[in-house]
1. Name the residue that is nearest to the chain's Cα centre (by Cα), counting only residues in the stretch 412-437 that are without any contact (Cβ under 8 Å) to a residue 60 or more places away in the chain and surrounded by fewer than 17 Cβ atoms within 10 Å (Cβ to Cβ).
2. Can you say whether residue 189 is of a type in the set (A, V, I, L, M, F, W, C) and within 30 Å of residue 173 (Cβ to Cβ), as far as the supplied structure shows?
3. Taking helices (runs of 4 or more DSSP H) that fall entirely within the stretch 367-459, which contain at least 1 residues that are assigned by TED's automatic domain parsing to the domain that holds residue 344, under 25 Å from residue 285 (Cα atoms) and among the hydroxyl-bearing types (Ser, Thr, Tyr)?
4. Please tell me if residue 113 is assigned to a helix (DSSP H, G or I), crowded, with 22+ Cβ neighbours inside 10 Å and of a type in the set (Gly, Ala, Ser).
5. Determine if the stretch 121-138 includes at least one residue that is in the same structural domain as residue 200 (by TED's automatic domain parsing), within 25 Å of residue 221 (Cβ to Cβ) and among the polar types (S, T, N, Q).
6. Considering only residues that are over 18 Å from residue 137 (Cβ atoms) and more than 22 Å from the chain's Cα centre (by Cα), which ones fall in the stretch 184-209?
7. Tell me, which residue of the stretch 117-130 that is crowded, with 17+ Cβ neighbours inside 10 Å and either modelled with pLDDT of 95 or more or of a type in the set (A, V, I, L, M, F, W, C) (or both) is nearest to residue 144 (Cα to Cα)?
8. Can you confirm whether residue 51 is of a type in the set (Phe, Trp, Tyr), under 26 Å from residue 138 (Cβ atoms) and buried (at least 20 other Cβ atoms within 10 Å of the Cβ)?
Amino acid sequence: MAGIGFELQRVLKGGGLVNLFKVALAGIVIVAGPWLISIVGIFFLNRFASFALAEGAGLFMAAIVYSYAFSLSLFGGLHYIFTRYISDLIYISKETRAVATLLLVMIIFTTLAVASASAAVFFIRPEGISNILLYKISAVCLFVVINLIWLVMIFITLLKKYMTIFIVYLSGMAVSFFSVYYLGGRFGLGGALAGFTLGQFTILLLLTIMILKAYRPDNLFVEMKPLLGYFRKYLFLFLTGVFYSAGIWIDKISLWYLKGESVRGTYLKLFEHYDITVYFANLTIIPGLVYFMIFSETNFYSTLRKFLLSVEKGILTKIREEKYRLIRSMNNSLYEQSFFQGVLSLALIIMAPSIQSTFLSGLSDLLTLRIVLAAAFFHVFYLTVLTFLFYIQMYGEAFITAFLFFIINLAVTVLSVQLDFPYYGMGYLTATVISSVIAFVFLSRGIRIMDRRVYGKLL
C-alpha cells in the first residue's frame, strides 16, 4: 500500500483545496469503500424506501451484515496471501501476471462463496416472504459479489484513478437504491435484496472492466502452482489473516447468539444494540486509516528501504545510523498517528452523550458507545503495528498477536455475558489494548536487532 501513499502525497504537495479534497476522497474510498458505501446505502434505503423492506427489514439487514462478516472471517487468510503474491508481481513489473492471478482467485472465491452461501441459505424458512427463492438466490449472489469486491479493491488502486473509483462507487450505490425502490415494490423482500445486489454487482463489473482495459492477463492457471507455494512459504501470514479477520467479528458474532434476537423464521440473529454502535465507531477510524496510508506507512517504508540498502552497500557506521533512523521513524509515525486519531477519538468520547441522543437514540447506551470508541482507537494502533511487522517479515510474531486478538475478544465477550455485565465492547477493547502492547514489544525488539536479522538471512 505504500505506493498508493506516495502517489497521494504527490497530489497533496500540489497544494490547494481541490487536491486536498481529492486525496481525502481517494483515501476514504481505498480504506473503506465497500462497507462505507453499503452503510450509506442502507441509511438511505431505511429513510426513503422502507416500504420496499416491509416484508422483513431484519431479514434484509441480516443478508448484508452476514455477507460482510463472513466474507472476511472465512476468507481473510486468503486475502493476505493474495495481496502478498500480487504485490511481489507488481514489484517486479509483472502486472499482466498479477491480473491473471486476480482472475484466477476470483474464480476460486466464487466457487467457495457459492458453496458456503448456498449451504447457509438452504435452511432458511422465513414466513411471509412472497419470493423466497429470489431472496435466497440474491443472498448467495450478494455474498459472492462482496467477496469479489474485496479482491478487486486490493488490485484496483494500482490504476491510481481514484476519482473514477469514487464515481464507480457512487454509481453502484445509486443503482442499489433505485433497484431496491423498484424491484422491492414489485417483488417484495426478494426483489429488494436482488436490487441491492445489482448495485454491488455494478461496482464489481465496472472496476473489473477498468482493470482489464489497463492490463491484458496472461494465462490464468499458470499462476496456480506459485500461488499455492505462497501458502507454504507464508503460512504464518495466512494464519494471521485468518485470526485477525475473524477477531474483528467474533465479539459481534458471539453477541448475536448469546444476546441477539432471531430474524423471523431463520436461525440468523442480530444484536442491534451493539451492532449499530460498532458500525458507528468503525466510521470514526477512517481518518486514522487514511493518515496511516498517506503518512505513517510511506515514512516507515522509506526509512526501512534506506536501511536495507545500507546493509547491502554501506559501512558499519552507516548501517547503524540508518537503523537508529528507522527506530525514530517508527516511533514518530506511531506517535503522530496516535495523536491524530487520539484527538478525534477523545473528542467523540467527550461528545458521546450528544452523539448517542442524536444518532443512536434507543439503539445504544452511553458507556457501550464510549467503550467501543476507545477500542476503535487502539484498533488503529494495532493495525498499524501489525502492518509494520509485515514489512520487516516478522510473520510468526504477527500471528501470535492476531491469535491473541481473536481469543481475548472471544473470551472476554463471552465472560462479560456470563457475568451479566450490562455494557458491551469490553472484549473488543481488551483485545485491542493487549494485542497492541504485545505487537509493539515485538516490533520494537525486531527493529533493534534488524541488522542481525538481515545478516542472518543473507548468510
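1. 437
2. On the way: of a type in the set (A, V, I, L, M, F, W, C): yes; within 30 Å of residue 173 (Cβ to Cβ): yes.
Yes; evaluated as a whole, the condition is true for this residue.
3. Here the list reads 395-418, 426-448.
4. Values: assigned to a helix (DSSP H, G or I): yes; crowded, with 22+ Cβ neighbours inside 10 Å: yes; of a type in the set (Gly, Ala, Ser): yes.
Considered against the rule, which asks whether it is assigned to a helix (DSSP H, G or I), crowded, with 22+ Cβ neighbours inside 10 Å and of a type in the set (Gly, Ala, Ser), residue 113 comes out as yes.
5. Taking the stretch 121-138 as the starting set, the residues that turn out to be in the same structural domain as residue 200 (by TED's automatic domain parsing) are 121-138.
Cutting the leftovers down to within 25 Å of residue 221 (Cβ to Cβ) gives us none.
The answer is no, given that none of the residues of the stretch 121-138 is in the same structural domain as residue 200 (by TED's automatic domain parsing), within 25 Å of residue 221 (Cβ to Cβ) and among the polar types (S, T, N, Q).
6. Result: 185, 209.
7. Of the residues in the stretch 117-130, the ones crowded, with 17+ Cβ neighbours inside 10 Å are 117, 120-121, 124, 126, 129.
Filter once more, keeping what is either modelled with pLDDT of 95 or more or of a type in the set (A, V, I, L, M, F, W, C) (or both): 117, 120-121, 124, 129.
Numbers: 117: 8, 120: 13, 121: 13, 124: 18, 129: 23 Å.
Taking the candidates together, the pick is 117.
8. Details: of a type in the set (Phe, Trp, Tyr): yes; under 26 Å from residue 138 (Cβ atoms): yes; buried (at least 20 other Cβ atoms within 10 Å of the Cβ): no.
Answer is no for this residue.
The values are calculated or read from the model by the stated rules, or taken from the named source; none is laboratory data. These figures come from a predicted structure and were not determined experimentally. We place every Cβ from the backbone using ideal geometry, glycine too, and count neighbours over all the protein chains shown.
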